[in-house]
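First the structure, in the form of structure tokens, and then the observations on it.
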Amino acid sequence: MIEIIALLAIFCGLFFFLSGSIGLLRLPDIFSRLHALAKADNVGLALVTLGIIMLEPDLFNDIKLVIIWLLVMAASAISSHLVARHALRENRDND
Amino acid sequence: MTDTSSTSIVTVALLVALNLLMLSLLIGLVRAWIGPKIEDRYSAILLLGTGGVAILFILAILLPLAALYDVALVLALLAIVGTVALTRSEKSDD
Amino acid sequence: MIDLLWSIFDISLVLLVLFLAWATCSTQDMMRAVTLFIALGLILAIIWARLKAPDLALAEAVIGAGISGALLLSAIKDYPSTTTEMPSRRSSLVEWIINGMTLGLVIIMSWAVWHGLYMSDGVRLSEQVMSHLPVSGVSNPVTAVLLNFRAYDTLLELAVVLTAVLTVLNLNHKRADVSAASALLLGMTRWLVPLLVVTSGYLLWVGAHAPGGAFQAGAMLAAAMILLQLSNPSSLQGFNLSVLRSLLVIGIFVFVLVGIWMMSLNQDFLAFNPAWAGSLILIIEFAATLSIATALTLAYLGGRPMGWESANPADSATKPNGKPS
Amino acid sequence: MISQQLLFSLAGIGLFGIGLRATLLHQMLLARLLALNVGGAGVCLIFIAVAYGGIEQMVDPVPHALVLTGIVVAVSATAMALALGRRLQELDDE
């Protein structure tokens, strides 16, 4: 039973992942792409991590998984800010 | 660990998930290839980092290889260093 | 069904890595090439994970995505034009020769690998490694091979890294510092660099019984230093240069010291006796981590830090840095 | 199982071919260095593909140790080549 719920969580997470990637492709400008990327990926990864935690019997690895997820959230927040800032600076220079 | 991955439903489902993640990486790579400006390519690298972490998670269950969690941890940390290096390397430093 | 899904995943990975390699090698714009190269490093880390090589996935993630990307990006600033002209200047004859020879080499290699995999069943070294594992003092086979069975190889590899960095140091001065970073970057670095250092320690310790070890830990430490250098360059001035110099050679020094110590117990140069092998390997790995981290950081800086020439750093502050960058 | 070994080793050979060709064709040092790194990664891939025994079997640790050393040496060699290139660039400017 646990596995069914885990697989359900993973596939929901995948839905967000795919929407994030497709958003990256179709959205018009860089800022909306970054927005889509950061949001979709984090929620997607959160659900995938939740599913993997249910499948993973060892408690120590579960804690490690949560730490990794928090790190990725912080990482993508900061990185998308940096990229957006850089894009803004670039636009302001040449137009 | 091995008992769960031996049941074929979970294995098949995880494998399908793996391939779907691979698909999202491919889409990200299309953006990296055609991305007009440098920032678009950076965003593809970000997608690769997050997608890579997810793929490593699923591989860790499928192969039963617990060490891949450390690899995912390192990948998550290093995604920031790569992006900082990318954004700080332009001639116009902020 | 399962094999089919596995092969779909494998084939897509292979096509992805080949596409990225072709893209990296054929773009005109260097910034784009380096970005694709970093992506290639990430995909390669996933391939190592797929081929059940977690040590390599760790090393590729740290070095491929982290250090060599930052290294190449900082090097791009040295060149005025960042676009390269492909073989336009080379005559088409030379180009044809190169293409023909590469294709021939690829065909010969494919035949050799096909022959090796299917025809001959060569002896596999893994049985010998596994049988000697309990003697080696560590339970991670890769670390056992690296630091016990092939200790010479690792010693000389540290020497190679040292030689490369010495060349870098002798050639030119440190690159000009980037201006101070935005508040967010400083704030992030304040909590991220200690985390990177702790992870590096974790990788060093875990190397004995799980994938990890001196090289990944050293590269991780170097990534922390590079992040520090990228966000607020003034913080790296604080390093005492004589300490930096000794850190560079401590890896090889400890390695040889342990070797000589083993010889004093009338054993071979680097033959650790099983009783102490575990702790000896840990000591060597700790020293190797420090020297690899220092070497890679100095290699990233691109040359001699301020005041490297003068013996004691005290009077170096007054002497202006030679190169008006 | 054998087909996976062959698949990844052919990928390694492909990487090596692309890297070698681009190393010889490019004019600019930076481009040649990138191509050289790609070629090196291809060689490592061949090593590990041959060492791969399939999902169940044990993996041969010796090639892993060799390739790990190779990755670290490759990055220090790249750093040295970049420093040489930078020196050349400065001499040209003067």
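Of the set (1) in a helix (DSSP H, G or I); (2) surrounded by 18 or more Cβ atoms within 10 Å (Cβ to Cβ), all apply to residue C:111 but (2). Scanning the stretch A:63-78 for residues that are in contact (Cβ under 8 Å) with a residue 12 or more places away in the chain and either touching a Phe, Trp or Tyr at 6+ places or on another chain (Cβ under 6 Å) or within 7 Å of another protein chain (Cβ to nearest Cβ) (or both) yields a count of 4.
Among the conditions (1) assigned to a helix (DSSP H, G or I); (2) within 7 Å of chain C (Cβ to nearest Cβ); (3) over 20 Å from residue C:125 (Cα atoms), the only one that residue D:27 does not satisfy is (1).
Among the candidates C:159, C:183, C:176, C:112, the residue that is modelled with pLDDT of 85 or more and either under 30 Å from residue C:230 (Cα atoms) or in contact with a Leu (Cβ under 6 Å, 6 or more places away or on another chain) (or both) is uniquely C:159. Can we say residue C:50 is basic (Lys, Arg), more than 7 Å from chain D (Cβ to nearest Cβ), surrounded by fewer than 21 Cβ atoms within 10 Å (Cβ to Cβ) and under 23 Å from the mean Cα position of the chain (by Cα)? Criteria not met by residue C:50.
The set of residues from the stretch C:23-33 being within 9 Å of chain D (Cβ to nearest Cβ) and surrounded by 19 or more Cβ atoms within 10 Å (Cβ to Cβ) comprises C:24, C:25, C:27, C:30, C:33. What tally of residues in the stretch C:144-175 results from selecting those that are among the β-branched types (Val, Ile, Thr), under 16 Å from the mean Cα position of the chain (by Cα) and within 18 Å of residue C:56 (Cβ to Cβ)? Adding up the residues that qualify gives 2.
Scanning the stretch D:36-52 finds no residues that are farther than 22 Å from residue C:57 by Cβ and small (Gly, Ala, Ser). All of (1) modelled with pLDDT of 90 or more; (2) of a type in the set (Gly, Ala, Ser); (3) part of a loop (DSSP other than H, G, I, E, B) hold for residue C:81 with one exception: (1). For the stretch C:1-15, name all the residues that are of a type outside the set (Ser, Thr, Tyr) and more than 10 Å from chain D (Cβ to nearest Cβ). C:1, C:4, C:5, C:8, C:9 - these are the residues of the stretch C:1-15 that are of a type outside the set (Ser, Thr, Tyr) and more than 10 Å from chain D (Cβ to nearest Cβ).
Table: residues versus (1) within 24 Å of residue C:226 (Cβ to Cβ); (2) within 7 Å of another protein chain (Cβ to nearest Cβ); (3) at pLDDT below 85.
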| residue | (1), (2), (3) |
| --- | --- |
| C:35 | yes, yes, no |
| C:41 | yes, no, no |
| C:71 | yes, yes, no |
| C:85 | no, yes, yes |
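Within the stretch C:166-184, if we keep just the residues that are more than 7 Å from every other protein chain (Cβ to nearest Cβ) and assigned to a helix (DSSP H, G or I), the residue that is surrounded by the fewest Cβ atoms within 10 Å (Cβ to Cβ) turns out to be C:183.
Would you mind finding the one in D:29, D:45 that is crowded, with 21+ Cβ neighbours inside 10 Å, closer than 27 Å to residue C:163 by Cβ, touching a Gly at 6+ places or on another chain (Cβ under 9 Å) and not hydroxyl-bearing (Ser, Thr, Tyr)?
The match here is D:45.
Given the options C:231, C:279, C:246, name the one that is more than 18 Å from residue C:148 (Cα to Cα) and surrounded by fewer than 23 Cβ atoms within 10 Å (Cβ to Cβ). First the steps, then the outcome.
Numbers: C:231 fails: surrounded by fewer than 23 Cβ atoms within 10 Å (Cβ to Cβ); C:279 fails: more than 18 Å from residue C:148 (Cα to Cα).
Selected residue: C:246, the only one of C:231, C:279, C:246 that is more than 18 Å from residue C:148 (Cα to Cα) and surrounded by fewer than 23 Cβ atoms within 10 Å (Cβ to Cβ).
Hey, among the residues in the stretch C:233-275 that are at pLDDT below 80 and aromatic (Phe, Trp, Tyr), which one's nearest to residue B:84 (Cα to Cα)? Give the steps one after another, and end with the answer.
From the stretch C:233-275, those at pLDDT below 80 are C:233-241, C:266-275; that's our starting set.
Now drop any that are not aromatic (Phe, Trp, Tyr), which leaves C:239, C:269, C:272.
Working: C:239: 22, C:269: 44, C:272: 43 Å.
Filtering first and then ranking leaves C:239.
Step by step: first the residues of the stretch D:42-84, then only those that are more than 7 Å from chain C (Cβ to nearest Cβ), of a type outside the set (A, V, I, L, M) and not in a loop (DSSP other than H, G, I, E, B), then the one that is farthest from the chain's Cα centre (by Cα). Which residue is that? Checking each candidate, the answer is D:63. With the structure loaded, tell me whether residue A:32 is among the polar types (S, T, N, Q), closer than 30 Å to residue B:35 by Cα, buried (at least 19 other Cβ atoms within 10 Å of the Cβ) and free of Cβ contacts under 8 Å to residues at least 60 places away in the same chain or whether it fails that test. Judged against the criteria, residue A:32 is not a match. For the stretch B:1-77, the helices (runs of 4 or more DSSP H) that sit wholly inside it and include 3 or more residues that are facing chain C (nearest Cβ under 10 Å) are B:8-34, B:38-62. Does residue D:86 count as among the charged types (D, E, K, R), in contact with a Gly (Cβ under 9 Å, 6 or more places away or on another chain) and surrounded by 18 or more Cβ atoms within 10 Å (Cβ to Cβ)? Criteria met by residue D:86.
The values are calculated or read from the model by the stated rules, or taken from the named source; none is laboratory data. Here the structure is a predicted model, which means the values were calculated and not measured. Please note: Cβ atoms are built from the backbone with ideal geometry, for glycine as well, and neighbour counts cover all protein chains shown.
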